[in-house]
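Have a look at the structure below before the remarks.
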Amino acid sequence: MTPAPPTDEAIDARYAQLDREAEEGGYHLNPDREFTRNLVRGLLVNEERYGYPSCPCRASLGKREEDRDIICPCDYRDPDLDEYDVCYCALYVSGAVLKNEVPVGCIPERRPPRSERKKEAAKVPGAEVPQQLAYPVWRCRVCGYLCARESPPHICPVCKATKDRFERFL
């Protein structure tokens, strides 16, 4: 059975949440409200379908462990913003785009093919560094936040990514 499409109220509520969290974290949502609402609609559809808000502009496998890099905000948002002033789906934009100082162009896909992602996932970050710390260091794959503790936080205090978006760094 196909789930019902998200209501306008649900879209507006998630839009407001994303906008608030983005601004609190120093990010900006695309100022084109209708365009952005359509992206939010896609996030809600994917969340209903898969159980997590995968990027509506990318093909999801429906397996969280294989889609972790494209759960919004995706791992590629910050590099895209740094290089192109907008992320791949254009949900997030730089301050320069927000102020209409730079045009938005095409953003190339930076997500590696599935075969490359599988190879990367098999690597253990920090394995070559001798463990001399009292606690392991965890890195948020979305924003780069680092913390030293027994396990990663449940929610990243910077970008609000979930615990499974952290990797052991050291």
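The values are calculated or read from the model by the stated rules, or taken from the named source; none is laboratory data. Predicted model, so just to flag it, every value in this text is computed and none were measured. We place every Cβ from the backbone using ideal geometry, glycine too, and count neighbours over all the protein chains shown.
For the stretch 99-107, the criterion of being surrounded by 11 or more Cβ atoms within 10 Å (Cβ to Cβ), closer than 22 Å to CYS159 by Cα and out of contact with any strand residue (DSSP E or B) (no Cβ under 7 Å at 6 or more places or on another chain) is met by none of the residues.
When the stretch 15-39 is examined, which residues are found to be within 16 Å of the chain's Cα centre (by Cα) and more than 25 Å from GLY144 (Cβ to Cβ)?
The first filter runs over the stretch 15-39 and keeps only residues within 16 Å of the chain's Cα centre (by Cα), leaving 15, 17-30, 36, 39.
Residue satisfying the conditions is TYR15 alone.
Would you call LYS119 over 23 Å from GLU21 (Cβ atoms) and not polar (S, T, N, Q)? When the stated conditions are applied, LYS119 passes them. Scanning the stretch 88-105 for residues that are touching a residue at least 60 places away in the same chain (Cβ under 8 Å) and of a type in the set (Gly, Ala, Ser) gives ALA90, SER94, GLY95.
Can you tell me which residue within the stretch 7-62, out of those that are β-branched (Val, Ile, Thr) and closer than 14 Å to LEU91 by Cβ, is surrounded by the most Cβ atoms within 10 Å (Cβ to Cβ)? Across the stretch 7-62, the extreme among qualifying residues is VAL40. Counting the residues of the stretch 26-60 that are in contact (Cβ under 8 Å) with a residue 12 or more places away in the chain and outside any helix (DSSP H, G or I) gives 14. Candidates are the residues of the stretch 106-131 that are over 20 Å from the mean Cα position of the chain (by Cα) and either at pLDDT 75 or above or assigned to a helix (DSSP H, G or I) (or both); the one that is farthest from LEU81 (Cα to Cα) is ALA122.
Confirm whether ALA22 is touching a residue at least 40 places away in the same chain (Cβ under 8 Å) and within 26 Å of PRO157 (Cβ to Cβ). In short, yes. Number of residues in the stretch 70-87 that are free of Cβ contacts under 8 Å to residues at least 60 places away in the same chain, charged (D, E, K, R) and buried (at least 18 other Cβ atoms within 10 Å of the Cβ) equals 2. Here's a check for you: in the stretch 132-152, which residue that is crowded, with 16+ Cβ neighbours inside 10 Å and not hydrophobic (A, V, I, L, M, F, W, C) is modelled with the lowest pLDDT? Ranking the qualifying residues of the stretch 132-152, first place goes to PRO152. Of all the residues in the stretch 61-85, those that are of a type in the set (Asp, Glu) and not in a helix (DSSP H, G or I) number 2.
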